[in-house]
Amino acid sequence: MADDECAFCQNIAENQFDVIARGSRSLVVLDKHPINRGHILVIPIRHALDLASMTTAEVAEVALFAQAADRAIRRVLDAAVATNLLMSNGPAADQGVPHAHLHVIPREPGDGYEFREDYARYPLEALTEFERESLVEEVGGLLHNADVEADRPCARGRSASTS
């Protein structure tokens, strides 16, 4: 997908979001279709398809803004006693907009928003030893081999695969 086809990139370029805070790499905005009052999105400014496409610096700023949003929601909204942080990565995970974004959703008892587990799926097939060891190696080696690319804003016409 080219950045000029991305609704979030267009909204960023046209200043169409209700911006709560702005960093050098990300925006904090009110969700246009909130699940609950005060629902916030934290969005990288540069077009990144999903979490795996984000730079280390973008991930850090998004996480810090999400933490600040979580704290603010609990202080400002009397009914909010908890939050859900949710990021879907890819169509099979119900990612609605193909631009990375982290939801910070205010929660209160009985608000009607639920995640439902299908216990009929269990027990799941266990990971093989090779799969487990590969995960240990790849995740554990992350900090030693961080792939930090130059941060750049959404570039109109640049494809997501070059981001």
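The values are calculated or read from the model by the stated rules, or taken from the named source; none is laboratory data. Quick caveat, the model's predicted, so the values are computed rather than measured. So basically every Cβ, Gly included, is an ideal-geometry build from the backbone, and we count neighbours across all protein chains shown. Surface areas here come from the heavy atoms of the whole protein model, side chains and all, with no ligands, DNA or RNA. Shrake-Rupley method; radii C 1.70, N 1.55, O 1.52, S 1.80 Å.
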Quiz prompt | Long-range neighbours under 8 Å by Cβ, at least six apart or interchain, first residue farther than 22 Å from L41 by Cα within the range 101-129, second open to solvent by 70 Å² or more (accessible area, probe 1.4 Å) | solution = L127/L135
Quiz prompt | Subset of the range 54-87 [within 27 Å of C6 (Cα to Cα) and open to solvent by 40 Å² or more (accessible area, probe 1.4 Å)] | solution = T56, V59, A60, A63, L64, F65, Q67, A68, L85, L86, M87
Practice problem: Would you mind telling me which numbered condition in (1) closer than 28 Å to E138 by Cα; (2) touching an Asp or Glu at 6+ places or on another chain (Cβ under 6 Å) G23 fails? | Solution: (1)
Quiz item: Is it the case that E133 is open to solvent by 80 Å² or more (accessible area, probe 1.4 Å), assigned to a helix (DSSP H, G or I) and closer than 21 Å to L51 by Cα?
Solution: no
